[in-house]
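So the structure is just underneath, and the comments pick up after that.
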């Protein structure tokens, strides 16, 4: 069956435009500056840092796709709008001021708070009902319903109550499925889904003409990947599939070239090899958190996540090792550094 080319219905778009038309007057002087990546594709890059009150949780990149409209503001699709109500409001300002466009839909690529809590900026303040369609995979929709209350509490604690003031959970109300084609710029985009990789469900968008990949949390650049949900082996396999697309640009947690896919994979494979070798050398699971990867010590988040990632990798790989299998990337490290 061929993928279906989707557009938001006129009723949904009209509702979004009506809501934006009722918004208060813009102060374009305070709006952030979006960066152009390709025709119709803009980003607000995240800080290469850990979540902290100084950055208000802005550590993930928001992507804006714009479809021009004759005689009226363009229609903007915001992908992973960010960590808070205030952040989303500022992003909406930038879209309207800089791009002369109006946000008509949101896309949540995966269920992590720093990517999705800004949904609140496009929702009714009293009820939390979205004023624009919020799209995600079915699994991400379910994961957000389960995890977002705890995620909101955690982000409020780490980014500060001031940064998260007024933020409420706004869940996706429309679903995207792999294989769908959407036209959210002047060109079609292919929807993909990687299951049990970075999280239980990671949505991707691929534009073949521009060779541009929106990869959400699957791809990192000089920031240690977070192995909290999903699967190490599944993540490596997902990265191999993304690399096979031969993208020119990759928008993940940061914006990069295709080398970020390879470096993210290299970390995961080195982590797997180190854990595997530790098991071969007789270390115990309780020692997993002591395993280090000096090659990545300069990456943001290394001190915060390396020990946890090693524990998660050990838990996943130990049954495979005990069954006489082979590590995900097919080799083991020459020695273990602790």
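So, in region 188-227, how many residues would count as being within 11 Å of the chain's Cα centre (by Cα) and outside any strand (DSSP E or B)?
Of all residues in region 188-227, those within 11 Å of the chain's Cα centre (by Cα) come to 198-199, 201-204, 214-220.
With outside any strand (DSSP E or B) added as a condition, the list becomes 198-199, 215-220.
Residues in region 188-227 being within 11 Å of the chain's Cα centre (by Cα) and outside any strand (DSSP E or B): 8 in total.
Scan (1) assigned to a helix (DSSP H, G or I); (2) over 23 Å from the mean Cα position of the chain (by Cα); (3) free of Cβ contacts under 8 Å to residues at least 60 places away in the same chain; (4) crowded, with 17+ Cβ neighbours inside 10 Å for the single condition residue 327 breaks and write down its number. Tallying (1) assigned to a helix (DSSP H, G or I); (2) over 23 Å from the mean Cα position of the chain (by Cα); (3) free of Cβ contacts under 8 Å to residues at least 60 places away in the same chain; (4) crowded, with 17+ Cβ neighbours inside 10 Å, residue 327 fails exactly one: (1).
Just one of the listed residues (278, 272, 228, 238) is touching a residue at least 40 places away in the same chain (Cβ under 8 Å) and touching a strand residue (DSSP E or B) at 6+ places or on another chain (Cβ under 6 Å), and it is 238.
Please verify whether residue 184 is touching a residue at least 24 places away in the same chain (Cβ under 8 Å), farther than 30 Å from residue 52 by Cβ and assigned to a loop (DSSP other than H, G, I, E, B), treating the condition exactly as stated. Spelling it out, residue 184 is indeed touching a residue at least 24 places away in the same chain (Cβ under 8 Å), farther than 30 Å from residue 52 by Cβ and assigned to a loop (DSSP other than H, G, I, E, B).
Screening residue 29 with (1) at pLDDT 80 or above; (2) surrounded by 13 or more Cβ atoms within 10 Å (Cβ to Cβ); (3) in a helix (DSSP H, G or I) gives one miss only, at (2).
For residue 196, the conditions (1) at pLDDT 95 or above; (2) touching a strand residue (DSSP E or B) at 6+ places or on another chain (Cβ under 7 Å); (3) under 25 Å from residue 143 (Cα atoms) all hold with the exception of (2). Of the residues making up region 52-97, those that are outside any helix (DSSP H, G or I), touching a residue at least 60 places away in the same chain (Cβ under 8 Å) and touching a strand residue (DSSP E or B) at 6+ places or on another chain (Cβ under 9 Å) number 11. Where residues in region 273-309 are under 12 Å from residue 225 (Cβ atoms) and touching a helix residue (DSSP H, G or I) at 6+ places or on another chain (Cβ under 9 Å), which of them is surrounded by the most Cβ atoms within 10 Å (Cβ to Cβ)? Across region 273-309, the extreme among qualifying residues is 309.
Within region 165-181, the set of residues being under 30 Å from residue 56 (Cβ atoms) and part of a loop (DSSP other than H, G, I, E, B) comprises 165, 166, 167, 168, 169, 170, 171, 172, 173, 176.
Of the candidates 127, 109, the single residue that is part of a loop (DSSP other than H, G, I, E, B) and within 19 Å of the chain's Cα centre (by Cα) is 109.
None of 255, 250, 214 is under 21 Å from residue 82 (Cα atoms) and touching a helix residue (DSSP H, G or I) at 6+ places or on another chain (Cβ under 7 Å) except 250. Just to be sure, is residue 103 closer than 24 Å to residue 67 by Cα, in a helix (DSSP H, G or I) and in contact (Cβ under 8 Å) with a residue 60 or more places away in the chain? Answer is no for this residue.
Looking at region 130-143, can you tell me whether even one residue there is in contact with a helix residue (DSSP H, G or I) (Cβ under 8 Å, 6 or more places away or on another chain) and modelled with pLDDT under 95? Scanning region 130-143 turns up no residue that is in contact with a helix residue (DSSP H, G or I) (Cβ under 8 Å, 6 or more places away or on another chain) and modelled with pLDDT under 95.
The values are calculated or read from the model by the stated rules, or taken from the named source; none is laboratory data. Bear in mind the structure is a predicted one, so any value in this text is a computation, not a measurement. Cβ atoms come from the backbone with ideal geometry, glycine included; neighbour counts cover every protein chain shown.
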